[in-house]
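None of the figures in this text is laboratory data; all of them are computed from the coordinates on show. Everything quoted here is computed from the prediction, not taken from an experiment. Because the Cβ atoms are built from the backbone with ideal geometry, glycine has one as well, and the counts that use them run over all protein chains shown.
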Amino acid sequence: MPIFLILSLLIQIAFAVHVVKTGRDRMWLWIILIFSVLGCVVYFFAEILPELQNSRTGKKAAARVFKTINPQSELKRLATHLEISDNVENRVKLAQECVAAELYEQAIELYTTALSGIYQDDPDIMLGLATALFLQGDYIKTKKTLDRLIESNPDFKSQEGHLLFARTLEALQENETALEEYEVIASYYSGYEAKCRYALLLKKRGQTEKAQSLFNEIIKRAKHLPKNYRKVQKQWIDIASQQLD
């Protein structure tokens, strides 16, 4: 039997098995058997290729759904990884997930132990620690951590770190210094959070006219945002709008 016929037969069998195993319409069996390789090609482009293209998106969506109904699953997975291989990378990954799960005490412990050896002044880990400390409400330690970060890494740039520093100063009621930091970061921060927080503190400190001007600026610029980006910034746009009512 010619090799082409053997290959054709094997391909038909493989595709026919796929039809049965995946529960496809049995009509495809007749198309594959009658039209041979041509039928297989049609089946591939009609059924298999779209499935392959959507598999990655489908898996990501499934992961999000699973995490919603079982929010501790990722924590368990990362904790297991850390038990198997106790290294800085795994500690940081677990710490980040702990922050997401609002387990700040555990996150702080993980970040603190990660800051050792060659990583003792790592700016990203220090910023992670400062974030966890802030969310836990320990503003004094947050400031100390950020001060140490700046001192150890004078060239490190992070808009999130800068915003956290301004928020920490505000939380410590160092309002004048906080206003200075907010003014700087509001000029370059990629979203509206910094500008909005700056305006809120200005209003709190009695600088109503300047605050209103910033709220108005947010609303005007938001009108020209793409729909998807406007959705991301919705919280701050809504706050600005409420402040102008």
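Brief remarks on what is shown
- Alpha-carbon Rg with Dmax, taken over the range 120-194, Å: 11.6, 33
- Working from label points 7 Å from Cα in the Cα-to-Cβ sense, the residue 72 to residue 148 distance is 3.1 nm.
- Sorted by Cβ neighbour density within 10 Å, fewest at the top, the residues 157, 210: 157, 210
- Each of residue 105 and residue 245 was given a label point 7 Å from its Cα along the Cα-to-Cβ line. The distance between the two points is 3.9 nm.
- Ranked list, fewest to most other Cβ atoms within 10 Å of each Cβ, for 220, 227: 227, 220
- Compactness relative to 2.2 N^0.38 Å, alpha carbon Rg of the range 157-244: 1.04
- Per-bin percent of Cα-Cα distances, the chain [10 Å]: 7, 19, 20, 18, 12, 10, 9, 3, 0, 0
- Helical content alone sets the calculated 222 nm signal of the chain at -25000 deg cm²/dmol, taking -39,500 (n - 2.57) per DSSP H segment of four or more residues and averaging over every residue.
- FRET efficiency, 1/(1 + (r/R0)^6) with R0 22 Å, evaluated for residue 174 and residue 113 via beta carbons: 0.15
- Candidates 228, 168, 99 compared by Cα position along the dipole of the chain: farthest toward the positive end lies 228, with charges placed on Cβ.
- At an R0 of 22 angstrom, the distance between the Cβ atoms of residue 44 and residue 6 translates into a FRET efficiency of 0.70.
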